[in-house]
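A.B. asks: Mind having a look at this structure? Questions to follow.
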Amino acid sequence: MGSNKQDSEFDAMKKLKKSLALVVTACGRKKNSEPMPAWKLYKSPRIRAVHNRVQKYNFAHFAILSAKYGLIDADQIVSPYEQIMTNQQSKRLVLHILTKVRFYKCVIFFKGGARKEYFDCIREACKRAQRVLIVLGYGNMGGINELSSVLDFIEEGELPDPNIKMNILRYP
């Protein structure tokens, strides 16, 4: 799961009063060969695009759902690894992820082309934490422009435009 340093970074994040939303996307299979911030480690244009959009909003925080480490801060230094998200791994990571998503009012999962197990994992964590989960994105980059629209609506204290292709799951 996460290291103590990683967990302490999330402890610091929970103290940020402006962090209303946590934006999450799945890790990527292709990685650079040296340890570096998570958003740079993965060679995925989807991860970079999500990172670039989230940086524009003070109230949102970006994390990556790693098959090995669980939910990691996008700026966390991560070493390359090989791990595929399986159903068993997804179930194992839920409690770790739950402890982090509970500090946000809502979670936005940019699904992109992620395996079903990533969605199952974040959905179960949000359900147990009783957090709103907004799911958008299809293919690899489909829906990336809608992410900014959803963040704009949240910044204004409103629910996103119902014309945006997404699912809003409310727990309880």
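A.B. asks: For a quick check of your reading of the model, give me the residue pairs whose first member lies in region 112-124 and is of a type in the set (Asp, Glu), whose second is surrounded by fewer than 19 Cβ atoms within 10 Å (Cβ to Cβ) and in a loop (DSSP other than H, G, I, E, B), with beta-carbon atoms closer than 9 Å and at least 6 apart or on different chains.
C.D. replies: Cβ pairs passing all conditions: Glu117/Ile84; Glu117/Thr86.
A.B. asks: To continue, here is another question. For residues that are in a helix (DSSP H, G or I), in contact (Cβ under 8 Å) with a residue 40 or more places away in the chain and closer than 24 Å to Ser149 by Cβ, tally how many sit in region 23-48.
C.D. replies: Qualifying residue count, region 23-48: 2.
A.B. asks: Does Gln76 count as of a type in the set (S, T, N, Q), in contact with a strand residue (DSSP E or B) (Cβ under 9 Å, 6 or more places away or on another chain) and farther than 24 Å from Ile168 by Cβ?
C.D. replies: The answer is yes for Gln76.
Bear in mind that the values in this text are calculations on the coordinates, not laboratory data. Everything numeric here is computed off the predicted structure, so don't read it as measured data. All Cβ positions, glycine included, derive from the backbone under ideal geometry; neighbour counts span all protein chains shown.
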